[in-house]
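What follows is calculated from the coordinates using simple rules that are stated; it is not laboratory data. Keep in mind that what you see is a predicted model, and the values were worked out from it rather than measured. Here the Cβ positions follow ideal geometry from the backbone for every residue, glycine too, while neighbour counts run over all protein chains shown.
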Amino acid sequence: SQQGEEDPQALSIQEGENATMNCSYKTSINNLQWYRQNSGRGLVHLILIRSNEREKHSGRLRVTLDTSKKSSSLLITASRAADTASYFCATDLNQGGKLIFGQGTELSVKP
Amino acid sequence: DGGITQSPKYLFRKEGQNVTLSCEQNLNHDAMYWYRQDPGQGLRLIYYSQIVNDFQKGDIAEGYSVSREKKESFPLTVTSAQKNPTAFYLCASNPDGRDRETQYFGPGTRLLVL
């Protein structure tokens, strides 16, 4: 069964608006990561948050982690058309580097 | 120019044919991974290797095989036993040390069945 589940599956917003994506998981984690994938390309690592952290920032990205609810959210502020991509959460269960990926949120930012 | 390369970009397989997807990295990473991605889906782990001459099955290893004879290379063979091979295949690797949790991905190979 899928460890990470994301919602919404698709999100369409206007440039300048904020985008929020959510990820829920089922078992205890070592860390949770967010990746971005442009259409037909490989994934690019965005940010990692450890199980003992609650919030982390990187540029226009803000990630939160609530281990009691087994959930995380990714906020992209002041979105740009170039942010259009699929975003995946991935959980690290401390099993030798293996990650379990969610099904992703497809973000479309309209200019 | 460091990174992970995958070839070919597109690959066509005939019925009953084995095909091999290439993954090479010059990042000196120890661990390498193969994932399968179906349309609109997340990534599923096929095989992974944490060291040369050793590899483990992932969640969907049936119909696939791998080898890890060199640190830089982790080829994936899609055998004729894989009845639904059409998908996007992604290779990734991990560095050692502090950043070992982060995975670095290649550009992918799209496999299509004729």
request  = Choose one answer from B:P85, B:P39, B:P75: the residue with the largest mean-square fluctuation in a GNM of chain B with alpha-carbon springs under 10 Å.
outcome  = B:P39
task = Return the loop-located trypsin sites (Lys or Arg not before Pro) in region B:5-114 (DSSP other than H, G, I, E, B) with at most 12 other Cβ atoms within 10 Å of their own Cβ; answer none if there are none.
result = B:K9, B:K14, B:K83
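What percent do you get for the relative contact order of chain B when only Cα pairs under 8 Å and 6+ apart count?
Details: 290 pairs, mean separation 39.4, N = 114.
Worked out over chain B, it gives 35 percent.
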request  = Please list the equivalent ellipsoid semi-axes of the protein assembly as shown, computed as the square roots of five times the alpha-carbon gyration tensor eigenvalues, in descending order and whole angstrom.
outcome  = 29, 20, 16
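Give me the inter-chain shielding for A:89-102: mean count of other chain Cβ atoms within 10 Å, whole number please. Write down the numbers at each step before the final one.
Numbers: counts 1, 5, 0, 4, 0, 1, 2, 6, 13, 10, 10, 5, 8, 3.
Averaged over the peptide's residues, the number is 5.
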ask   = Per residue and in cubic angstrom, what volume does the convex hull of the Cα atoms of region B:1-105 have?
value = 105 Å³
task = Towards the positive end of the charge dipole of chain A, with charges on Cβ (+1 Lys, Arg; -1 Asp, Glu), say which of A:N18, A:L32, A:L74 has the farthest Cα.
result = A:L32
Dipole axis of chain B (+1 Lys, Arg; -1 Asp, Glu on Cβ), positive-most option in B:S7, B:A87, B:T102 = B:A87
request  = Could you work out the relative contact order of chain A, using alpha carbon pairs under 8 angstrom and six or more residues apart, expressed as a whole percent?
outcome  = 39 percent
ask   = How many partner chain Cβ atoms sit within 10 Å of a residue's Cβ in peptide B:42-49, on average, as a whole number?
value = 5
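Please get the size of the charge dipole for chain A, origin at its Cα centre, with Cβ charges of +1 on Lys and Arg and -1 on Asp and Glu, quoted in debye to the nearest 20.
Taking the Cα centre of chain A as origin, the dipole is about 240 debye.
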ask   = Out of every Cα-Cα pair in chain A, what percent are more than 24 Å apart?
value = 18 percent
task = At a Cα cut-off below 26 Å, give the lysines reachable from B:K71, other chains included and same-chain residues fewer than 8 away excluded.
result = A:K98, B:K9, B:K57
query = Cα to Cα, under 21 Å, and not fewer than 8 places away if on the same chain: which lysines meet these conditions relative to A:K69?
reply = A:K26, A:K56
query = What trypsin sites (Lys or Arg not before Pro) in region A:64-111 are in a loop by DSSP, with at most 15 other Cβ atoms within 10 Å of the Cβ?
reply = A:K69, A:R80
task = Only Lys, Arg, Asp and Glu count, each charged at its Cβ (+1, +1, -1, -1), so figure out the dipole size of region B:1-100 about its Cα centre, rounded to 20 debye.
result = 240 debye
note = Here the convex hull volume per residue of region A:33-73, taken over Cα atoms and given in Å³, is 76 Å³
